[in-house]
Amino acid sequence: WLRVQWIRLEVVISQRREEGVSVLPLPLPEMTPGRKPMAEKVAYPLHAWRAASALRTVLAEEPADLLYANAPRTFLPAVLASRRGGPPVVLALHLIFDKGLERGLVRWCMRQKEVRRIVFCSGAVGHPFSDVCGTKGAKIHYWVSPRFLEAASERRRARESMGLDSGDLAVGVLGRISRTKGQALFLEALAPLLERHPAARLLVGGGADFEEPEEDARLAKMAGASPHAARILMSGRMVEAIPFLDALDVLVVPSLWEEPFGLVAVEGMARGLPVVATRSGGLVEIVDHGVTGFLADKDAASLRGAVERLLADPALRAAMGEQGRARVESEFHPAKQIAEVLALCFEE
């Protein structure tokens, strides 16, 4: 997983340099995804100090009007580099920290006078810090990539490539395979519907991306144990999001952890899909229950009931898909959200 991310980072850095943008990779070490070992936590302040020193060197040569720290690992280096006359800092937080050493460090950074504003991607992310950020804090939701709004429908080709007939009802989950993302709950909840709804098909899009290969194997075993295994399609790898979404009739986001946001739900709505999501973190701010889809509890019965309502009612699916697309246009559009970020960063 780390190697894949590093390759992606190198590609982005190369592209920015070709465009004439100065790029400074911060001297911060690779860290374990998810929960960090204690050794990494203890070593982090030293690495942050080194990164701040590198930032100060760059700022001396190329003065900046603002430091935008776009991840919690960059908060401390940005705050330290801003001291002694450096530019003000905007912190952008995209994870939920409700306990632990990391939460304490993030809170300390937020309190510093060098920090001008703090951007939270959802109310769920901002809530643990409501007592410390004061008027500095602002909630600005993520925005969907323009291509999800602008790309022509690939439904016919995508469904043909997945072996779906015109009368099939495809219910899918899309994302990295992980216990926290809830693909196992998806199968547990919805496999029984294959008995009652002969047209239903279940699609699992994505792979473990080297992070949890054992979860891949567990899902394959669950799918194979179903008496209707032939109607469960697992991609076994990461897939292109737009064709996968265009093949679906219903998108399910069955997250078991507290999602900081849940961008895949917005992407599905942008492609005109009704969305069934668990009541998890920022997802409750995306799906308008009963209008653009349904919010379900984190259990099989609740998820199954919500999806079955949509399978049984094509008019409801169409209406919720239209409302979801309209909600993305009004609440998660890149032009609107980017303008809000810029206004917040450069307000006097």
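Check whether at least one residue in the range 306-326 is out of contact with any strand residue (DSSP E or B) (no Cβ under 8 Å at 6 or more places or on another chain), within 30 Å of Arg116 (Cα to Cα), open to solvent by less than 40 Å² (accessible area, probe 1.4 Å) and touching a residue at least 40 places away in the same chain (Cβ under 8 Å), and report yes or no. Walk me through it before giving the result.
The first filter runs over the range 306-326 and keeps only residues out of contact with any strand residue (DSSP E or B) (no Cβ under 8 Å at 6 or more places or on another chain), leaving 308, 312-316, 318-319, 321-323, 325-326.
Applying the additional criterion that residues be within 30 Å of Arg116 (Cα to Cα) yields none.
No; the residues of the range 306-326 include none that is out of contact with any strand residue (DSSP E or B) (no Cβ under 8 Å at 6 or more places or on another chain), within 30 Å of Arg116 (Cα to Cα), open to solvent by less than 40 Å² (accessible area, probe 1.4 Å) and touching a residue at least 40 places away in the same chain (Cβ under 8 Å).
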- [ ] Give the residue, chosen from Leu67, Leu46, Leu28, Leu24, that is surrounded by 12 or more Cβ atoms within 10 Å (Cβ to Cβ), at pLDDT 85 or above and either in contact with a helix residue (DSSP H, G or I) (Cβ under 8 Å, 6 or more places away or on another chain) or among the aliphatic types (A, V, I, L, M) (or both).
- [x] Leu67
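Please work out if Ser255 is of a type in the set (Gly, Ala, Ser), at pLDDT below 95 and more than 20 Å from Leu311 (Cβ to Cβ). Give the steps one after another, and end with the answer.
Working: of a type in the set (Gly, Ala, Ser): yes; at pLDDT below 95: no; more than 20 Å from Leu311 (Cβ to Cβ): yes.
It is false that Ser255 is of a type in the set (Gly, Ala, Ser), at pLDDT below 95 and more than 20 Å from Leu311 (Cβ to Cβ).
Kindly establish whether Glu10 is open to solvent by 70 Å² or more (accessible area, probe 1.4 Å), of a type in the set (Asp, Glu), farther than 22 Å from Pro63 by Cα and at pLDDT below 70. Steps first, please.
Working: open to solvent by 70 Å² or more (accessible area, probe 1.4 Å): yes; of a type in the set (Asp, Glu): yes; farther than 22 Å from Pro63 by Cα: yes; at pLDDT below 70: yes.
Here the answer is yes, as Glu10 does meet what is asked.
If you check Ala208 against the conditions, is it closer than 26 Å to Pro192 by Cβ, modelled with pLDDT under 90 and out of contact with any His (no Cβ under 8 Å at 6 or more places or on another chain)? Talk me through it step by step, then tell me what you get.
Details: closer than 26 Å to Pro192 by Cβ: yes; modelled with pLDDT under 90: yes; out of contact with any His (no Cβ under 8 Å at 6 or more places or on another chain): yes.
Yes; evaluated as a whole, the condition is true for this residue.
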Task: Matching residues, the range 137-155, being surrounded by 12 or more Cβ atoms within 10 Å (Cβ to Cβ) and either over 15 Å from Ala270 (Cβ atoms) or among the small types (Gly, Ala, Ser) (or both) - done: Gly137, Ala138, Lys139, Ile140, Ser145, Ala151, Ser153
- [ ] May I ask you to verify whether Leu303 is part of a helix (DSSP H, G or I), within 29 Å of Phe97 (Cα to Cα) and either touching a Pro at 6+ places or on another chain (Cβ under 9 Å) or open to solvent by 60 Å² or more (accessible area, probe 1.4 Å) (or both)?
- [x] yes
Task: Scan of the range 117-149 for residues that are without any contact (Cβ under 8 Å) to a residue 40 or more places away in the chain and either touching a strand residue (DSSP E or B) at 6+ places or on another chain (Cβ under 6 Å) or closer than 20 Å to Arg83 by Cβ (or both), ordered by number - done: Ile118, Phe120, Gly126, Val132, Cys133, Lys136, Gly137, Lys139
Task: Subset of the range 282-295 (residues that are in a strand (DSSP E or B) and either closer than 19 Å to Pro260 by Cβ or in contact (Cβ under 8 Å) with a residue 24 or more places away in the chain (or both)) - done: Gly293, Leu295
Open item on the list: Need pairs with beta-carbon distance below 8 Å; first residue small (Gly, Ala, Ser) and within the range 42-70, second assigned to a loop (DSSP other than H, G, I, E, B) and at pLDDT below 90; sequence gap 6+ or separate chains.
Closed with: Ala43/Pro29; Ala48/Leu28; Ala51/Leu26; Ala51/Pro27; Ala51/Leu28; Ala54/Leu24; Ala54/Leu26; Ala54/Pro27
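The values are calculated or read from the model by the stated rules, or taken from the named source; none is laboratory data. Note that the coordinates shown come from a computational prediction; the quantities given were computed from them, not determined experimentally. Here the Cβ is made from the backbone with ideal geometry for all residues, glycine too, and neighbour counts use every protein chain on show. These area figures cover heavy atoms from the full protein model, side chains too; ligands, DNA and RNA do not enter into them. Shrake-Rupley method; radii C 1.70, N 1.55, O 1.52, S 1.80 Å.
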